[in-house]
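Novice: The structure under discussion is supplied below as structure tokens; questions concerning it will follow.
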């Protein structure tokens with residue numbers, strides 16, 4: 001079922017990597033970074049599979065692959081796991097244009113630890129103390145010794161691992177627990193606790209981020225509080241926790257998998273564009289030209 005969720009809400013997201021836009025003159029009003037919270041509230045009320053295709057907004061995201069306002073396709077499948085959803089993402093991308101653009105488009109699937117260790121020699125699930133901080137400092141050219149593992153992993157991944165990912169469509173799964181966000185956790189085949197999160201890349205460009213969703217409301221609340229504590233430590237503004245989401249999940253979010261796909265970036269790949277501005281009809285007031 002297609003859902004038309006609000007673009008404006010009373011809360012944003014606590015994730016330290018994402019900044020919600022706040023409306024001047026309307027205290028407590030946030031433009032939504034994705035429809036995730038609204039769609040999950042509907043799932044908890046008994047809705048079946050749901051999706052939304054619409055605009056999302058993120059503060060400070062501007063560049064070759066980023067725009068403060070962008071188009072997001074997000075959907076949820078009750079009863080599915082992340083692997084079944086990854087297969088559907090592949091099917092969608094091929095069906096909507098990849099086959100015509102790239103008849104021999106390669107598709108590969110890897111664990112996060114596989115590609116990270118290949119590029120760095122480090123196990124991201126059990127790095128030696130201070131190893132990530134030192135490597136992140138060396139790669140980023142700044143002092144990262146006071147950053148936590150999640151921030152360092154992000155820096156290392158974007159600067160060292162992403163450029164050497166397999167070409168074509170590349171699916172990564174089983175992320176480090178510190179990067180679980182709203183994904184459930186489980187043990188992998190090696191007995192390590194991992195996040196049941198996946199991401200999709202096309203020639204190194206991130207297209208989609210998905211989870212086997214966390215349904216434990218107490219754990220979700222702890223993660224929100226931990227996010228806000230990290231925000232305080234980093235000098236970022238805290239964000240009110242979405243109590244309506246917690247209440248809905250407490251009523252019973254069914255086991256499900258969900259994914260958000262950046263439509264503008266997908267269009268970039270279909271058209272061979274080098275920058276996101278090339279697939280946007282209007283970029284003012286954020287035109288980089």
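Quick note: the coordinates plus some simple rules give every number you see, no bench work behind them. Being a predicted model, the structure only gives us computed values, none of them experimental. Please note: Cβ atoms are built from the backbone with ideal geometry, for glycine as well, and neighbour counts cover all protein chains shown.
For every residue, the table says whether it meets (1) within 19 Å of the chain's Cα centre (by Cα); (2) outside any strand (DSSP E or B); (3) at positive phi.
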position	(1), (2), (3)
153	yes, yes, no
191	no, yes, yes
195	yes, no, no
198	yes, no, no
215	yes, yes, no
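Novice: Given (1) touching a residue at least 40 places away in the same chain (Cβ under 8 Å); (2) crowded, with 16+ Cβ neighbours inside 10 Å; (3) in contact with a helix residue (DSSP H, G or I) (Cβ under 8 Å, 6 or more places away or on another chain), where does residue 195 come up short, assuming only one miss?
Specialist: (1)
Novice: Against the definition (crowded, with 21+ Cβ neighbours inside 10 Å and either more than 30 Å from residue 94 (Cα to Cα) or touching a residue at least 40 places away in the same chain (Cβ under 8 Å) (or both)), how does residue 177 come out, yes or no? Outline the logic, then answer.
Specialist: Values: crowded, with 21+ Cβ neighbours inside 10 Å: no; either more than 30 Å from residue 94 (Cα to Cα) or touching a residue at least 40 places away in the same chain (Cβ under 8 Å) (or both): yes.
No.
Novice: Would you confirm whether any residue within region 125-135 is part of a helix (DSSP H, G or I), touching a residue at least 24 places away in the same chain (Cβ under 8 Å) and touching a strand residue (DSSP E or B) at 6+ places or on another chain (Cβ under 7 Å)?
Specialist: no
Novice: Among (1) in contact with a helix residue (DSSP H, G or I) (Cβ under 8 Å, 6 or more places away or on another chain); (2) within 20 Å of residue 2 (Cα to Cα); (3) free of Cβ contacts under 8 Å to residues at least 60 places away in the same chain, where does residue 120 come up short?
Specialist: Going through (1) in contact with a helix residue (DSSP H, G or I) (Cβ under 8 Å, 6 or more places away or on another chain); (2) within 20 Å of residue 2 (Cα to Cα); (3) free of Cβ contacts under 8 Å to residues at least 60 places away in the same chain one by one, residue 120 breaks only (2).
Novice: Identify all residues within region 107-124 that are in a loop (DSSP other than H, G, I, E, B) and either in contact with a strand residue (DSSP E or B) (Cβ under 6 Å, 6 or more places away or on another chain) or exposed (fewer than 15 other Cβ atoms within 10 Å of the Cβ) (or both); write none if there are none.
Specialist: As a first pass, look at region 107-124 and keep what is in a loop (DSSP other than H, G, I, E, B): 121-124.
121 - this is the single residue of region 107-124 that is in a loop (DSSP other than H, G, I, E, B) and either in contact with a strand residue (DSSP E or B) (Cβ under 6 Å, 6 or more places away or on another chain) or exposed (fewer than 15 other Cβ atoms within 10 Å of the Cβ) (or both).
Novice: Given the structure, is residue 84 more than 16 Å from the chain's Cα centre (by Cα), under 17 Å from residue 198 (Cα atoms) and loosely packed, with under 15 Cβ neighbours inside 10 Å?
Specialist: yes
Novice: Let me ask something additional. Do we find a residue being over 30 Å from residue 273 (Cα atoms), in contact with a strand residue (DSSP E or B) (Cβ under 9 Å, 6 or more places away or on another chain), free of Cβ contacts under 8 Å to residues at least 40 places away in the same chain and not in a strand (DSSP E or B) anywhere in region 34-49? If you could, list the steps in order and put the result at the bottom.
Specialist: Restricting attention to region 34-49, the residues satisfying the condition of being over 30 Å from residue 273 (Cα atoms) are 37-49.
The next check asks that each one be in contact with a strand residue (DSSP E or B) (Cβ under 9 Å, 6 or more places away or on another chain); those that pass are 37-40, 42-43, 47-49.
From what is left, the residues that are free of Cβ contacts under 8 Å to residues at least 40 places away in the same chain are 38, 42.
Within this subset, residues satisfying the condition of being not in a strand (DSSP E or B) are 38, 42.
Looking for residues that are over 30 Å from residue 273 (Cα atoms), in contact with a strand residue (DSSP E or B) (Cβ under 9 Å, 6 or more places away or on another chain), free of Cβ contacts under 8 Å to residues at least 40 places away in the same chain and not in a strand (DSSP E or B), one finds at least one in region 34-49, hence yes.
Novice: Being in contact (Cβ under 8 Å) with a residue 24 or more places away in the chain, under 23 Å from residue 247 (Cβ atoms) and touching a strand residue (DSSP E or B) at 6+ places or on another chain (Cβ under 9 Å) is true for just one of 54, 28. Which residue is that?
Specialist: 28
Novice: Looking at (1) more than 21 Å from residue 215 (Cα to Cα); (2) in contact with a helix residue (DSSP H, G or I) (Cβ under 8 Å, 6 or more places away or on another chain), which is the only condition residue 40 fails?
Specialist: (1)
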